[in-house]
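**Student:** Sharing a structure, written as structure tokens. Questions coming.
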């Protein structure tokens, strides 16, 4: 196939940059496949421990009669997206037996809900929960009892964490197994309206809670196109799901049929020792994930997560890669908060099947990647359905809703809507796909805060009712774990609706559901340790422009300024337990990971990301 030369150039740059680290990773995976821990190499005592409680499967595991699949699950029943996983393991064991395989739950990983912790102290643990999940995945798979694995996880940090951990066992074939979105609740515009009324003090807590409970109301993933559902899209375009399984609702016959197909597929790959994870996650598949993210207006959180996932496979990407791809990839989907319909509407309109068909047809995806869920990426141009008891895929021919999905020939925007902005305040990500182009440039006096609650107090006191660039610093990974600041969205949106020119600049994160207010997020280097944001003062004129890629304190020599005093390290709600991760975390552009940073120090890289 031909490939758009702009995408080819980015891919070639990533391959060249990653050459030494990728080679070292693949050498490690080859060594693990040849000499790593496995059932045939175990001592009898070790092995007997591994099947002692395998009721119904003990003899088959003991005699290595077929492949044994390790299930790594992020089940809990507080997190709506993961509640449906409760019965998956017992079903998956039955499905494995159907094809002469066995399955065991290798281990569980934590799964926190950002929706529950948003704006609360627990959000300071959120980003580092990804590294914790990766470590837990490694513990689960370290027993050597498995010839393949199925990873049960959906939400924000959970899929990246599972994949980072699993990639250290990349000599095994694996699939991620989704659980599906909850049914659609109240209209998104109504939810947004009530949130804004609450921010203005025009409705009370009871009305707000009733609205929220009508939106988040059932088992399944939240239906807006935030980080969780962006995860699902990326896993599809990386070929790590059964094709287009992501957006089939829980507890339906089709959902169960797709889970069954996933178990059968992992068993098939494990028996034939084909398509290990290390082959499926390569430079081209990482580029495909980036392209899918840009084409659908996905979560900016993946400007952090994708570099971390890539590093776990020895691949080095940066925000300039995102920026260059964004210029080449049109926006062909609008899903709430970038549009009116949710992921259920998106799937009905054609979903990932339509996206894959359009991108492949326009030479905007690598079609020659090694995929785990099917034989080639072309399988992702069809969506699953049941014909009687049979699972079949129907080719997607056109969009059923042109307000939500459009062909590449008539996109919503000519670019992917995720831009790099940089200047004397550092480097940051700006998601343009959710912002009116008239607001892509804001130049206004700064109001500087070190805590998001202080922003809300200033708003309530009437201090922000003007053109303003709200700067929230000391929110980076080393300062407090880089929490999302989604709590600010209704307030800043209200100021914008009053006619003011408003922007947010922060070294923290915004939710994957961040909306209409222009924002420079993930500012690197972060304020703690001397980043430029630590030298900014109230009243300084700040220019943020996605049009010319500017993030600038206008007419100011920041080097002459003293550093602002950082807040004390966070404590309480277990945050002090994560001090090691904060201390050793690297920049957001590299993935904001202490674990990967220390791993690379132990095995030094010969090339790294460098910027002028």
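**Student:** With a point put 7 Å past each Cα toward its Cβ, work out how far residue 501 is from residue 541 in nm, to one decimal.
**Tutor:** Rounded to a tenth, the inter-label distance reads 1.0 nm.
**Student:** Between residue 320 and residue 454, what is the label-point separation in nm under the 7 Å Cα-to-beta-carbon projection?
**Tutor:** 3.5
**Student:** Just to be sure I understand: of the beta bridges DSSP finds with both ends in region 418-567, what percent are antiparallel, rounded to 5?
**Tutor:** Working: 17 of 30 bridges.
Percent antiparallel among DSSP bridges in region 418-567 is about 55.
**Student:** To make sure I understand, if each residue's beta carbon is the centre and we count other beta carbons within 10 Å, what order do 202, 516, 58 fall in, fewest to most? Don't skip to the answer; put the middle values down first.
**Tutor:** Values: 202 10, 516 18, 58 13.
Lowest count first: 202, 58, 516.
**Student:** When you count, for each residue, the other Cβ atoms within 10 Å and take the mean per peptide, how do 204-216, 253-265, 139-151 rank with the highest first?
**Tutor:** Details: 204-216: 13.7, 253-265: 20.2, 139-151: 22.6.
Answer by packing, highest mean first, reads 139-151, 253-265, 204-216.
**Student:** Could the peptides 455-464, 330-339 be put in order, highest first, of the mean number of other beta-carbon atoms found within 10 Å of their residues?
**Tutor:** Working: 455-464: 14.7, 330-339: 24.2.
Packing order, densest peptide first, comes out as 330-339, 455-464.
**Student:** At a 10 angstrom cut-off on C-beta neighbours, averaged per residue, how do the peptides 308-319, 292-303 rank from highest to lowest? Working shown, then result.
**Tutor:** Working: 308-319: 25.8, 292-303: 28.0.
Descending mean neighbour count gives 292-303, 308-319.
**Student:** Here is a follow-up. Taking every alpha carbon pair in region 528-586, what does the distance histogram look like in 10 angstrom bins from 0, in percent?
**Tutor:** Each 10 Å bin holds this share of Cα pairs: 18, 35, 27, 19, 1.
**Student:** Take the Cβ-Cβ distance between residue 268 and residue 376 as r, set R0 to 22 Å, and report the resulting FRET efficiency rounded to the nearest 0.05. Show your work: numbers first, answer last.
**Tutor:** Working: r = 15 Å, r/R0 = 0.70.
The value I calculate is 0.90.
**Student:** Using alpha carbons only, what's the Rg to Rh ratio of the chain with Rh from Kirkwood?
**Tutor:** Numbers: Rg = 23.6 Å, Rh = 24.5 Å.
When Rh is taken as the Kirkwood radius, the ratio is 0.96.
**Student:** Take residue 466 and residue 563, extend 7 Å from each Cα along the Cα→Cβ direction, and tell me the distance between the two endpoints in nm.
**Tutor:** Inter-label distance under the simple model: 3.1 nm.
**Student:** In whole Å, how far is the Cα centre of region 354-407 from that of region 552-593?
**Tutor:** Cα centres, region 354-407 to region 552-593: 42 Å.
**Student:** When a footprinting reagent is the concern and you count Cβ atoms within 10 Å, what order do 113, 222 take, fewest first? Show your work: numbers first, answer last.
**Tutor:** Numbers: 113 21, 222 25.
So the ranking, lowest neighbour count to highest, is 113, 222.
**Student:** Taking R0 as 51 Å, what FRET efficiency do you get between residue 120 and residue 397 from their Cβ-Cβ distance, rounded to the nearest 0.05?
**Tutor:** Details: r = 46 Å, r/R0 = 0.90.
Efficiency, rounded to the nearest 0.05: 0.65.
**Student:** Still on this structure, please answer the following. Could you tell me the center-to-center distance, by alpha carbons, between region 297-312 and region 135-183 in angstrom?
**Tutor:** 17
**Student:** For the Cα atoms of the chain, what angle does the longest principal axis make with the long axis of helix 351-361, in degrees from 0 to 90, nearest 10?
**Tutor:** 90
**Student:** Here's a follow-up. Normalised radius of gyration for region 418-567, please: alpha carbon Rg relative to 2.2 N^0.38 Å, two decimal places.
**Tutor:** On the way: Rg = 13.6 Å, N = 150, 2.2 N^0.38 = 14.8 Å.
Compactness ratio reported: 0.92.
**Student:** Further question on the same structure: Roughly speaking, what is the centre-to-centre gap between region 25-77 and region 254-288 when only Cα atoms are used, to the nearest Å?
**Tutor:** The two parts, judged by their Cα centres, are 18 Å apart.
**Student:** Related question: Can you tell me the relative contact order of region 418-567? Whole percent, Cα pairs under 8 Å, sequence separation 6 or more. Provide the component values of the computation, followed by the final result.
**Tutor:** Details: 351 pairs, mean separation 49.7, N = 150.
Reported relative contact order: 33 percent.
**Student:** Counting only Cα atoms, I'd like the Rg/Rh figure for region 119-170, Kirkwood definition for Rh.
**Tutor:** Numbers: Rg = 12.1 Å, Rh = 11.6 Å.
Taking Rg over the Kirkwood Rh, I get 1.05.
Laboratory data are not the source of any read-out in this text; all were calculated from the coordinates shown. Only a predicted model underlies this, so the values are computations on that prediction, with no experimental measurement involved. Neighbour counts are summed over all protein chains in view; Cβ atoms, including those assigned to glycine, are modelled from backbone coordinates with ideal geometry.
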